[in-house]
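What follows is a single structure, written as structure tokens, with notes after it.
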Amino acid sequence: METVDAIVIGAGHNGLVAANLLADAGWSVRVIEATGQPGGAVRSGEITAPGYRSDLFSAFHPLGYASPVLRSLDLGLRWSHAPDVFTHLLPDGRAATVSRDVLRTAASVERFAPGDGRRWRDLSAEWDAVSDRLLAALFAPFPPVRAGLGLLGSLGAGEALRMARRLLLPVSQLGRELFDGEGARLLLAGCALHTDLSPDEAGGGVFGWLLAMLGQQMGWPTPAGGAGEITAALVRRFPGEIVYGAPVSRVLVARGRAMGVRTVDGRDWRARRAVIADVPAPSLFLDLVGDRWLPARMAEDLAHFRWDGATVKVDWAVRAPIPWTNPEVAGSGTVHLGADLAGLDRFAAELAADRVPEHPFLLFGQMTTADPSRSPAGTESAWAYTHLPHRRSWSPGEIAEHVERMEAVVEEQAPGFRSLVEARHVYAPADMERENPSLVGGALGAGTSAAYQQLFLRPIPGLGRADTPVDRLYLGSASAHPGPGVHGVPGANAARAALARDRGLTGALYRAAVDGAHRAVYR
């Protein structure tokens with residue numbers, strides 16, 4: 001078997017980003033993918049009816065649109081926007097909508113409370129002033145020294161402390177501090193519940209603020225033609241080999257150094273300089289590496305790793321536009337529905353108690369509204385997903401009952417919706433994991449978004465970096481900082497770490513610093 005400079009485990013978008021960056025640096029790279037196609041959770045296909053194109057998992061990509069990593073790769077993507085970014089539709093039929101026109105957003109939230117329109121404009125202006133430096137810090141390897149210092153310098157000490165406090169707030173508290181009315185508060189809270197966090201959980205406010213403000217500033221676009229266009233562009237750009245249908249069973253380690261991988265068919269694939277893993281942290285360390293090569297304290301920490309919730313997703317081919325009772329919803333690419341503020345609290349509490357929510361909160365996507373190429377004119381390619389407790393198995397009956405609940409939520413706000421459905425496709429948690437083994441139990445985030453599993457605590461207490469205690473082995477998945485989202489940063493961080501470690505005298509200094517830090521953390 002030909003030895004290459006680097007092997008990348010997994011052809012998800014993070015793995016493909018890492019492979020491209022290493023190839024750009026002149027390394028020979030081989031990507032080994034367990035399934036028969038690239039992309040992981042960034043894929044598209046006709047899964048409902050002919051002519052209706054669905055994004056199998058991820059759909060709207062504000063973080064990808066903003067990502068300097070994807071931009072630097074010059075992928076040639078064409079992005080498409082819905083007329084409005086997203087709407088939160090309350091059970092009583094009222095709606096709050098984010099538009100890329102801040103005056104329209106302000107008018108929408110003003111209907112809920114006088115003065116909230118001005119408060120939203122102020123929040124948007126504040127975001128515009130810090131967003132470049134904040135995103136640079138978010139998308140940099142941890143710790144983001146240069147970007148962090150730039151952000152601190154622009155804010156000043158006092159405002160930096162207030163910003164730090166905001167980043168720790170639950171989204172419910174953030175909404176109460178910023179706005180008087182339910183509309184604007186729901187716009188933040190609904191965004192926070194894209195993660196597995198509850199409205200009252202510390203750190204949730206930053207996700208609500210980030211996604212809502214990205215939507216206000218640049219929208220939540222989707223690649224024209226489908227999310228799979230991101231994957232296709234990364235594959236076209238990559239000059240190396242991708243091996244499909246080859247699940248990795250073991251990372252080969254000798255004298256504490258990663259030497260390559262073994263696939264389930266018994267073949268060994270050698271790497272001279274690096275192995276990068278675009279797989280969840282527990283899968284890498286516990287299944288592929290094993291306790292023998294891990295510090296004992298690290299194995300103990302992995303026992304406390306928390307997955308994010310399970311997901312059930314339904315795609316529909318709809319023969320006409322969705323018949324929303326409130327016409328304000330029709331132009332939004334994404335619709336949050338099924339709960340007001342009290343309903344979001346109940347939904348999160350049921351999940352925390354390991355109960356199936358009787359009234360699920362839905363994220364609903366109108367893909368043809370955002371990208372007319374997704375289905376024939378006058379129709380809609382739609383989807384919705386909702387969270388479930390993280391369990392290892394669900395019966396078909398349990399999933400069917402929950403799909404019925406999901407459709408009932410839509411039907412309540414769009415009477416006649418069910419009669420317009422030409423075909424549907426359901427992804428239960430097990431279906432998701434079968435399609436993409438990294439979606440363990442239907443968990444989309446490769447680990448919780450809770451504050452205790454972020455930054456230098458992601459995926460476990462450590463350095464917050466791609467480097468691992470096994471020499472030349474790097475974690476390049478969403479289990480690594482900065483976590484989930486189609487932005488490619490974990491893969492880019494892993495590639496940068498591998499390049500830094502291999503760079504002559506500075507590489508020796510880098511290795512000594514990282515290895516010393518690992519000994520201190522895991523002694």
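The values are calculated or read from the model by the stated rules, or taken from the named source; none is laboratory data. In this text the structure is predicted, and so the values were computed from the model without any measurement. Positions of Cβ are backbone-derived with ideal geometry, glycine not excepted, and every protein chain shown enters the neighbour counts. Just so you know, the surface numbers come from the protein's heavy atoms only, side chains and all, with ligands and any DNA or RNA stripped out. Shrake-Rupley method; radii C 1.70, N 1.55, O 1.52, S 1.80 Å.
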Quiz item: Which of the residues spanning segment 79-98 are open to solvent by 50 Å² or more (accessible area, probe 1.4 Å) and more than 22 Å from residue 135 (Cβ to Cβ)?
Solution: 83, 91, 92, 94
Quiz item: Can you name the condition, by its number, that residue 180 falls short on among (1) open to solvent by 10 Å² or more (accessible area, probe 1.4 Å); (2) assigned to a helix (DSSP H, G or I)?
Solution: (2)
Quiz item: Given 172, 154, which one is hydroxyl-bearing (Ser, Thr, Tyr) and modelled with pLDDT of 90 or more?
Solution: 172
Practice problem: Give the residue, chosen from 430, 423, 400, that is in a strand (DSSP E or B) and either of a type in the set (A, V, I, L, M, F, W, C) or touching a residue at least 24 places away in the same chain (Cβ under 8 Å) (or both). | Solution: 423
Quiz item: Mind checking whether some residue in segment 13-26 is over 28 Å from residue 218 (Cβ atoms) and either open to solvent by 40 Å² or more (accessible area, probe 1.4 Å) or of a type outside the set (A, V, I, L, M, F, W, C) (or both)?
Solution: yes
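If I ask for residues that are open to solvent by less than 30 Å² (accessible area, probe 1.4 Å) and under 20 Å from residue 219 (Cα atoms), which ones from segment 363-379 would you list?
Hits for segment 363-379 are 363, 364, 365, 366, 367, 368, 370, 371, 374.
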Quiz prompt | First in segment 470-482 and acidic (Asp, Glu), second anywhere and not in a loop (DSSP other than H, G, I, E, B), Cβ under 7 Å, 6 or more apart | solution = 471/257; 471/258
Quiz item: Identify, please: which residue in segment 43-73 is of a type outside the set (Gly, Ala, Ser) and touching a Lys or Arg at 6+ places or on another chain (Cβ under 8 Å) and is, among those, most open to solvent (accessible area, probe 1.4 Å)?
Solution: 46
Quiz item: Do the conditions hold for residue 392, that is, is it part of a loop (DSSP other than H, G, I, E, B), within 30 Å of residue 284 (Cβ to Cβ), without any contact (Cβ under 8 Å) to a residue 60 or more places away in the chain and not aromatic (Phe, Trp, Tyr)?
Solution: yes
Quiz item: Which residue pairs have Cβ atoms under 7 Å apart, sit 6 or more places apart or on different chains, and have a first residue in segment 316-328 that is small (Gly, Ala, Ser) and a second that is at pLDDT 95 or above and open to solvent by 80 Å² or more (accessible area, probe 1.4 Å)?
Solution: 317/422
Quiz prompt | Whichever residue in segment 228-272 is touching a Leu at 6+ places or on another chain (Cβ under 9 Å) and charged (D, E, K, R) and, among such residues, is surrounded by the fewest Cβ atoms within 10 Å (Cβ to Cβ) | solution = 236
Quiz item: Of all residues in segment 380-393, how many are within 25 Å of residue 445 (Cβ to Cβ), crowded, with 20+ Cβ neighbours inside 10 Å and not polar (S, T, N, Q)?
Solution: 7
Exercise. State yes or no: is residue 190 touching a strand residue (DSSP E or B) at 6+ places or on another chain (Cβ under 8 Å), outside any helix (DSSP H, G or I) and surrounded by 15 or more Cβ atoms within 10 Å (Cβ to Cβ)?
Key: no
Exercise. Could you list, in sequence order, all residues of segment 139-178 that are free of Cβ contacts under 8 Å to residues at least 60 places away in the same chain, in contact with a helix residue (DSSP H, G or I) (Cβ under 8 Å, 6 or more places away or on another chain) and hydrophobic (A, V, I, L, M, F, W, C)?
Key: 140, 147, 151, 152, 155, 160, 163, 167, 169, 171, 174, 178
Exercise. Go through segment 218-227 and give me each residue that's over 23 Å from residue 19 (Cβ atoms) and either open to solvent by less than 10 Å² (accessible area, probe 1.4 Å) or among the aromatic types (Phe, Trp, Tyr) (or both).
Key: 219, 220, 221, 222
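Hey, can you tell me all the residues within segment 347-362 that are part of a helix (DSSP H, G or I) and either within 22 Å of the chain's Cα centre (by Cα) or buried (at least 16 other Cβ atoms within 10 Å of the Cβ) (or both)? Outline the logic, then answer.
Residues of segment 347-362 part of a helix (DSSP H, G or I): 347-352.
Scanning segment 347-362 gives 347, 348, 350, 351, 352.
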Practice problem: Check whether at least one residue in segment 99-110 is touching a residue at least 60 places away in the same chain (Cβ under 8 Å), open to solvent by 30 Å² or more (accessible area, probe 1.4 Å), within 30 Å of residue 456 (Cβ to Cβ) and part of a helix (DSSP H, G or I), and report yes or no. | Solution: no
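Is it fair to say residue 404 is acidic (Asp, Glu) and under 20 Å from the mean Cα position of the chain (by Cα)?
The answer is no for residue 404.
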Practice problem: Considering each of 418, 503, 458 in turn, give the residue that is basic (Lys, Arg) and buried (at least 23 other Cβ atoms within 10 Å of the Cβ). | Solution: 458
Quiz prompt | Residue tally, condition part of a helix (DSSP H, G or I), open to solvent by 20 Å² or more (accessible area, probe 1.4 Å) and within 30 Å of residue 352 (Cβ to Cβ), over segment 283-317 | solution = 7
Self-check item: First in segment 1-12 and within 12 Å of residue 29 (Cα to Cα) and of a type in the set (Asp, Glu), second anywhere and open to solvent by less than 10 Å² (accessible area, probe 1.4 Å) and not in a strand (DSSP E or B), Cβ under 8 Å, 6 or more apart
Solution: 5/22
